[in-house]
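Notes to accompany the following structure.
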Amino acid sequence: MNYQNAQFYTSFGRLSQMPKSDRTEIAFSGRSNVGKSSLLNKILNRKALARVSSMPGKTVTINFFSLENLFFVDLPGYGYAKVSKREKEKWGELIGGYLNDGERQLELVFQLIDIRHAPSKEDIMMINFLIDNEIPFVIVFTKADKMKTSKLAARMEGFSREIPCFEDITSVRASAMTGEGIEEIRSIIEEVASGTLPQALPPDANDEYEDYYDEYNDDDGLTEGGYLKPHSK
C-alpha cells in the first residue's frame, strides 16, 4: 500500500452532510492535543495532509482521507476545557453520531491516548463506548518519544489498572517524531484493508477468556488475540 497516495477527500461539520458509506473506514479518535493529526501524517508519510492546529479543540469537523479502498476518518478531538458548552455538545453529536451509524463500514477505531498521562475521564468513556457498542478498536499510546524509559514500565502498569479490559486490548506505542510503532499500525491497517482482520473476542471474553480458548481450537476458525470487540452483557 502506497501511503503517499492518500488524499484529502472531504470534511463534514454536520451528520446530515455525510453521504452513505461506500468503502471500509478506519477512524482515529482521541483527546484534543493527543497528536492525532501528526500521527496521521506520519502514517501516510505526508508532512501536512492532516492539518495540525496550534489551538487544541479548534477542529470541529469529521475529516475523510482516501487511500485505495479505504477512508481514514479523523474524528474531532474531545475533552478540551476552554471551549463553550455548545461546542462540546457539537463534538459529542458528531463523534457519537458517526460511531452510532450502523450503516457505515467502520471496521476499526484507533483510540489515541497520550502515553505520559493517565487516561482522562473522556478517554475511559470512549473506550467503554467502543466496548459496549462492539466496535473493534486498538489503543495507540502517542508521544512515546517524550516518555522517559525509566518511567515507562510504571506508566504501562498504570494503564493496566486504569483501562478496562486492558489485558485483552491490542495496543501500540507510537511516536510521530521517531516513527516508533508506525509500521505496526500500518500492518494493522493493511489487515483491515485486505479483509483479514482477526475475529472478535467471543461473548463474555472479559470474564472467561482462558476458559473460552481452552474449549475451542484453531480448527474452529477462531483467532486468539486480535482487536477487542467483546459483546455487550
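The values are calculated or read from the model by the stated rules, or taken from the named source; none is laboratory data. These numbers were taken from a predicted model, which means no experiment stands behind them. Note that we place each Cβ from the backbone using ideal geometry, even for glycine, and neighbour counts take in every protein chain shown.
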Verdict on V73 being modelled with pLDDT of 90 or more and assigned to a loop (DSSP other than H, G, I, E, B): no
Restricting the range 52-66 to residues that are among the hydrophobic types (A, V, I, L, M, F, W, C) and under 20 Å from Y98 (Cα atoms), the residue that is modelled with the lowest pLDDT: V60
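Take the range 101-123 and flag every residue that is within 13 Å of the chain's Cα centre (by Cα) and farther than 21 Å from A176 by Cβ. Can you show your working first?
At the first step, the residues of the range 101-123 found to be within 13 Å of the chain's Cα centre (by Cα) are 106-114, 123.
L106, E107, listed by residue number.
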Which listed residue, of L201, L197, is in contact with a strand residue (DSSP E or B) (Cβ under 7 Å, 6 or more places away or on another chain), at pLDDT below 50 and not in a helix (DSSP H, G or I): L201
One residue from D114, D22 being modelled with pLDDT of 95 or more and charged (D, E, K, R): D114
Hits in the range 161-185 (condition: surrounded by fewer than 17 Cβ atoms within 10 Å (Cβ to Cβ), outside any loop (DSSP other than H, G, I, E, B) and at pLDDT 95 or above): R161, E162, E183, E184
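Going residue by residue through the range 118-129, is there one that turns out to be among the small types (G, A, S) and under 14 Å from Y78 (Cβ atoms)?
Residues of the range 118-129 among the small types (G, A, S): 118, 120.
Restricting the remaining residues to those that are under 14 Å from Y78 (Cβ atoms) gives 120.
Looking for residues that are among the small types (G, A, S) and under 14 Å from Y78 (Cβ atoms), one finds at least one in the range 118-129, hence yes.
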Residue in the range 88-105 that is within 21 Å of E190 (Cβ to Cβ), of a type outside the set (G, A, S) and at pLDDT 70 or above present: yes
